[in-house]
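Notes for the one structure printed next.
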Amino acid sequence: MNTPNLQLPGNELGLFTDLYELTMSQAFLRQGMTATATFSLFTRTYPPNRGYFVSAGLEDVLNFLSNLSFSAEAIDYLGVTGIFSDDFLEYLSGVRFTGSVRAIPEGRLFFADEPAVEITAPLIEAQLVETFIINQVNLQTILATKAARCVWAAQGRGIADFASRRTQGTDAALKMARASYIAGFTSTSNVLAASLYGMPPVGTMAHSFISSFASELDAFRAYAESFPDRTVLLVDTYETIAGTWNAVQVAKEMESDGHKLVAVRLDSGNFDELSRKVRTILDDSGLNYVKILASGGLDEYELETLVKDGAPIDLFGVGTKAGVSADAPWSDMAYKLVSFDGRPVMKLSPDKESLPGGKQVYRTKDMNGMFARDIIALEDEALPGGLPLLEQVMKDGQRTQPSAALEEIRVRFQEDFAALDDRFKVLKNPPRFPVGLSGKLEQLASQVREEALGINVSDSD
């Protein structure tokens with residue numbers, strides 16, 4: 001199933017921008033600055049303990065660009081502000097995105113400084129879309145990367161997305177579900193996300209279900225009666241071990257009716273200690289087929305500890321900490337002008353320097369098929385032996401290829417992740433993956449720097 005085109009509140013896509021994008025655009029129009037510009041979207045540095053990024057959010061960017069417009073109501077609102085001239089408002093009423101997009105496909109791994117998206121369009125069009133592009137790609141890349149770390153830590157155990165209730169809003173919840181599925185989660189508890197994206201929905205019960213019955217045993221029996229082929233029993237409402245024995249009793253009753261209990265769920269306490277006790281009870285009762293699901297306060301760090309310690313947990317539900325990427329909730333993603341009217345440009349601010357010109361990223365592999373090194377080059381360069389990562393996905397305002405199915409994106413991630421050496425996946429202080437610049441790009445950057453500063457850097461001390 002392809003990603004749906006989810007509209008923003010009020011459907012006013014054009015207004016989802018920062019004010020300065022509009023004020024700059026009016027000034028551009030007054031100066032006749034309508035030539036072609038290229039902007040590059042990249043992340044300057046890694047958040048703490050990160051060594052890679054998972055590309056996500058491009059689909060929403062392309063949907064946004066395909067539908068960019070300013071409605072009559074939006075134009076009226078801008079007019080009421082008293083900020084903008086009538087000729088600019090008239091111009092805005094006809095704005096559509098007519099440019100091109102080159103991007104790293106969703107699901108692929110990329111690294112700091114590498115352009116994830118490059119927009120080439122008339123200057124005003126390219127400027128107006130900055131806020132939305134950063135907003136979507138930044139969020140979804142952060143979430144997909146967090147999810148990938150959880151998948152790595154779980155070492156093959158299934159993970160479900162339980163994050164919706166504490167994400168930062170409804171849109172973020174949907175994006176978390178999709179991004180986590182790209183990165184290897186097996187399912188989501190969010191029914192809308194499952195419906196929209198074609199993901200498997202999953203769920204058990206809440207403690208309120210248990211406590212609404214006269215006894216835990218009555219609650220378990222009622223649930224098993226309603227869902228005899230998908231029963232998962234939450235055993236920690238009162239006391240986990242006692243709850244497990246009640247689950248055993250219901251499981252035996254289900255067996256007599258030709259059904260099997262799927263799993264028991266732990267949602268509190270010491271998961272390592274409790275899972276071992278629960279596993280022993282289940283096995284000693286002839287219920288070795290019943291799985292153990294753990295949820296509650298988990299992220300990649302807790303998952304790694306549980307897995308390394310050998311806790312007999314088969315499945316995990318991961319929620320809040322992943323849904324908000326608690327240990328790294330933001331990244332230094334930037335959208336910078338790199339070329340205007342055929343002239344390469346760059347930002348020279350300390351610690352925020354950008355690279356000039358439209359670019360391509362080439363990925364090389366070693367003789368074992370593992371990622372060896374990335375090289376950032378100019379767009380028109382060809383580096384033999386390297387795989388070009390940025391693909392043409394939009395031209396003249398039209399998509400150049402159909403939307404990738406979510407399963408295709410998921411497979412793309414799995415292939416890339418398998419080709420990344422494990423040392424770059426470690427959860428704490430991973431080494432930096434080698435990313436270099438081509439000789440031509442280095443030369444261009446030096447040239448533009450010298451011209452911008454008005455000095456010959458090569459001749460200075």
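Could you work out the helix-only [θ] at 222 nm for the chain, with each DSSP H run of four or more residues adding -39,500 (n - 2.57) and the total divided by the number of residues, to the nearest 500 deg cm²/dmol?
The helix contribution divided over the chain gives -11500 deg cm²/dmol.
Just the number, please: Stokes-Einstein D of the stretch 381-425 in µm²/s, Kirkwood Rh from C-alpha pairs, 10 °C, 1.306 mPa s.
119
What is the Cα convex hull volume of the stretch 328-380 when expressed per residue in Å³?
Values: hull volume 6.2 nm³, N = 53.
Hull volume normalised by residue count: 117 Å³.
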**Prompt:** About its Cα centre, how strong a charge dipole does the stretch 146-323 have in debye, to the nearest 20, once Lys and Arg get +1 and Asp and Glu get -1 at the Cβ?
**Reply:** 600
**Message:** Let me check the size of the stretch 343-415 from its C-alpha atoms; what are the radius of gyration and Dmax in Å?
**Reply:** 15.9, 42
**Fill in**
When LYS428, LYS321 are arranged by how many other beta-carbons sit within 10 Å of their Cβ, fewest first, they go LYS428, LYS321
**Message:** Could you work out the pair-distance distribution P(r) of the stretch 146-323 from its alpha-carbon pairs, with 10 angstrom bin width and percents rounded to whole numbers?
**Reply:** 10, 37, 35, 16, 1
**Request:** Work from the charge dipole of the stretch 146-323 (Cβ charges, +1 for Lys and Arg, -1 for Asp and Glu, about the Cα centre) and give the residue of PRO201, GLY296, SER180 farthest towards its positive end.
**Result:** SER180
**Folded to 0 to 90 degrees: helix 130-154 orientation relative to the chain principal axis, Cα** = 40
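Neighbour counts of other C-beta atoms within 10 Å: give me TYR181, TYR20, TYR52 arranged from fewest to most.
TYR20, TYR52, TYR181
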**Prompt:** For the cross-link pairs LYS175/LYS440; LYS146/LYS440; LYS395/LYS425; LYS175/LYS425; LYS146/LYS359, which exceed 31 Å when the distance is taken from alpha carbon to alpha carbon?
**Reply:** LYS175/LYS440; LYS146/LYS440; LYS395/LYS425
**Asked** Over the chain, what is the relative contact order in whole percent, taking alpha-carbon pairs under 8 Å and six or more residues apart?
**Response** 22
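Based on other C-beta atoms within 10 Å, arrange THR244, THR43 from fewest to most.
Arranged by neighbour count, lowest to highest, THR244, THR43 become THR43, THR244.
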**Request:** Sum up the charges of everything whose Cβ sits under 10 Å from the Cβ of ILE409, counting Lys and Arg as +1 and Asp and Glu as -1, but leave ILE409 out.
**Result:** 0
**Prompt:** Tally Lys/Arg at +1 and Asp/Glu at -1 over every other residue whose Cβ is under 14 Å from the Cβ of ASP236; what's the total?
**Reply:** -2
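So, counting K/R as plus one and D/E as minus one, what does the shell of residues with Cβ under 14 Å around ILE83 add up to?
Result for the neighbourhood of ILE83: -4.
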**Prompt:** log₁₀ I(q)/I(0) of the chain at q = 0.05, 0.14 Å⁻¹, via Debye over equal Cα point scatterers, no solvent, to two decimals?
**Reply:** -0.24, -1.27
**Fill in**
With +1 at each Lys and Arg Cβ and -1 at each Asp and Glu Cβ, the charge dipole magnitude of the chain around its Cα centre, to the nearest 20 debye, comes out at 720
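Bear in mind these aren't lab numbers, they're just calculated from the coordinates by the rules spelled out. Values in this document were obtained by computation on a predicted structure and should not be read as measured data. Backbone-built Cβ (ideal geometry, glycine too); neighbour counts: all protein chains shown.
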